[in-house]
Amino acid sequence: MFTDNRRRRKKPRDSPPPPPPTIPGIERREQLRMLGVTIANDFTVTAHVAELTTKCAQTQYALRILRAHWLNDDALQNVFRSVVVARLLYAASALHGLTGSSDRRRINALLHRARRQGYCLPFEELCDSADDEVFGKAVRLSNHILHDQLLPPPSIASQHYNLRRRTHSLIQLPEHSTHLSDCNFFYSYVV
């Protein structure tokens with residue numbers, strides 16, 4: 001039996017479900033701004049990233065002007081960290097998951113220009129360090145809101161170890177006497 005696939009009707013693509021009816025007095029919006037972060041109705045943050053990179057580029061331009069007027073590098077680094085990095089890291093844990101590849105490229109291009117001027121790290125490293133800082137605080141501080149929800153309770157069974165006794169006291173390093181002993185792996189590793 002011969003079938004002709006060219007004449008087959010194509011299935012219509014699944015269109016998104018129609019939005020629920022509007023409630024009188026409430027306007028439907030394409031974007032929502034919550035706590036200073038703009039999120040679109042498809043959970044992208046492209047508009048927020050565009051606004052963020054524009055503001056950060058303006059700050060970088062101001063820093064270039066200040067450098068031309070002989071502001072020292074330490075003060076420029078402090079201004080960059082307190083303005084640009086603080087803007088980028090505000091809600092970075094939530095934003096990093098919602099950014100697309102074009103958004104990340106745009107942020108990394110901004111930070112690449114900052115690195116050429118001697119200021120900053122890549123965006124992924126900044127987000128990872130911010131996440132590590134939040135996780136570290138949640139683990140260390142017993143009154144942190146995520147302390148009880150994040151980690152399981154400690155097990156009593158894993159706290160007691162039955163270890164064997166050592167057959168030696170401590171490793172004795174050779175005395176420093178010659179240049180050859182400086183090149184010894186153990187001596188250079190410990191010192």
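Observations, loosely collected:
- L52 within 16 Å of the chain's Cα centre (by Cα), at pLDDT 90 or above, part of a helix (DSSP H, G or I) and not basic (K, R): yes
- Count of the range 85-126 residues which are in a loop (DSSP other than H, G, I, E, B) and charged (D, E, K, R): 0
- Inter-residue pairs, beta-carbon under 8 Å, first more than 17 Å from H112 (Cα to Cα) and in the range 44-64, second aliphatic (A, V, I, L, M) and in a helix (DSSP H, G or I), 6+ apart: T44/L98; V45/L95; V45/L98; H48/L95
- Within the range 140-163, restricting attention to residues that are in a helix (DSSP H, G or I) and surrounded by fewer than 13 Cβ atoms within 10 Å (Cβ to Cβ), the residue that is modelled with the highest pLDDT is R140.
- Residues in the range 106-117 that are under 14 Å from the mean Cα position of the chain (by Cα) and either β-branched (V, I, T) or surrounded by fewer than 17 Cβ atoms within 10 Å (Cβ to Cβ) (or both): I107, N108.
- Test: residue in the range 72-90 that is loosely packed, with under 15 Cβ neighbours inside 10 Å, among the small types (G, A, S), in contact with a Leu (Cβ under 9 Å, 6 or more places away or on another chain) and more than 17 Å from T54 (Cα to Cα): yes
- Filter result for the condition that a residue is without any contact (Cβ under 8 Å) to a residue 40 or more places away in the chain, within 11 Å of the chain's Cα centre (by Cα), more than 23 Å from T44 (Cβ to Cβ) and assigned to a helix (DSSP H, G or I), over S129, S82: S129
The values are calculated or read from the model by the stated rules, or taken from the named source; none is laboratory data. Please read these numbers as outputs of a predicted model, since none were measured by experiment. Here Cβ is always computed from backbone atoms with ideal geometry, including for glycine, and neighbour counts include all displayed protein chains.
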